[in-house]
1. Under a cut-off of 20 Å between alpha-carbon atoms, report the aspartates and glutamates in cross-link reach of residue 169, not counting same-chain residues fewer than 8 places apart.
2. Expressed as a rounded percentage, what relative contact order does the chain have, with Cα pairs under 8 Å and six or more residues apart?
3. What ranking of 215, 261, 222 emerges when the number of other C-beta atoms within 10 Å of each C-beta is taken as an exposure proxy, fewest first?
4. Measure nothing fancy, just the Cα-based angle from helix 40-56's long axis to the longest principal axis of the chain, in degrees from 0 to 90, nearest 10.
5. Nearest 20 debye, what's the magnitude of the dipole of segment 1-85 about its Cα centre given +1 on Lys and Arg Cβ and -1 on Asp and Glu Cβ?
6. Can you sort 255, 98, 116 so the residue with the fewest Cβ neighbours within 10 Å comes first?
7. Between beta-carbons, use under 15 Å as the cut-off and find the net charge around residue 257, counting Lys and Arg +1, Asp and Glu -1.
8. Treating each Cα of segment 8-94 as an identical point scatterer and ignoring solvent, apply the Debye formula and state log10 I(q)/I(0) at q = 0.12, 0.23, 0.26 Å⁻¹.
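Where a number appears in this text, it was derived from the coordinates with a stated rule and is not lab data. Predicted, not measured: the structure shown is a model, and the values here were computed from it. Every residue, glycine as well, gets a Cβ built from its backbone with ideal geometry; the counts of neighbours run over all protein chains shown.
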Amino acid sequence: MTVYEFAKGLILEAGINVKKIMKQDIEIETKSNPNDLVTNVDKATEKYIFDNVMQTYPEHLVIGEEGHGHNLKDESGVVWVIDPIDGTLNFVHQKENFAISIGVFNDGKPYAGFVFDVMNDVLYHAKVGEGAYENGNLLPCIESSPLNTSVIGLNPNWLTKPRLEEMFKPIVEESRSVRAYGSAALEIICVATGKLGGYITPRLQPWDFAGGLIILQEVGGIGTDLMGNALSIYEPSSIVMANPQLHAELLEFHFQKNNEIIEALQQRLKNNK
Ligand code: IPD
Ligand code: CA
Ligand code: CA
């Protein structure tokens, strides 16, 4: 069995477990602030994936949101980047619209991505060079669109931050409309499936985007930071994921001229990562 097939089976099993545990009472705790939630299901799911990976591939390395993982020294080896529940607020408040996300990298290069929309039983998966799939169906390459006919994924909370508001407001105004779904992984999948033209956020952790990015790239989408730099799985970053035309337009007409705001943002991310 390949690592890809193993990971596919594992994420599906993890999803079945999530559905089982969530029938019982969910224990909710807060993390960095009262709106930053974690549940026993997040923790149990990450432990389940971590334990299974370690049992089968003891030499592999893991970066997990809830603390399971290794201190990575360099890019060598196979690295699993895991978000056990992406969209924990949705999980707690809606019991849907959340995903398990896994990105697997080999010597720093993308190998395979998985985003499992648990409640809808839809697994998005891609092995680099072999196309991206929605369950068993091959996803077509995404179509390009300019900003004025694109729907953008952007959390409105960012428009309450003074400098970001300055940068994001013209994008909101020029776009066809804006949506916020509350799970970065699923929003990146929306870009990969053409439901959104692009997804923008000033701050995301590697586990939020690793799985989705690999799937998006496999259908011709582009994911970088707001300066156009390649994303790293070792640090948080600002994010723009979009079809190629929209990605180019956003960089050229919106982000490049705001490089001062973006540089300050990236610096803040580096300081408190
Ligand atoms: C969060 C979600 C959310 C995004 C946040 C993430 P979590 O992940 O992806 O959509 O806006 O930045 O932290 O905490 O639910 O795993
Ligand atoms: Ca997340
Ligand atoms: Ca999470």
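1. 187, 225, 249, 252, 260, 263
2. Values: 549 pairs, mean separation 40.7, N = 273.
Relative contact order comes out at 15 percent.
3. On the way: 215 30, 261 18, 222 21.
By the 10 Å Cβ count, ascending: 261, 222, 215.
4. It works out to around 70 degrees.
5. Values: 8 positive and 15 negative charges, 56 e Å.
The dipole magnitude comes to about 260 debye.
6. Ranking 255, 98, 116 by Cβ neighbours within 10 Å, fewest first, gives 255, 116, 98.
7. Details: positive: 163, 169; negative: 166, 174, 249, 252, 260, 263.
Spelling it out: positives minus negatives among the neighbours equals -4.
8. The calculated log intensity ratios at q = 0.12, 0.23, 0.26 Å⁻¹ are -0.39, -1.15, -1.33.
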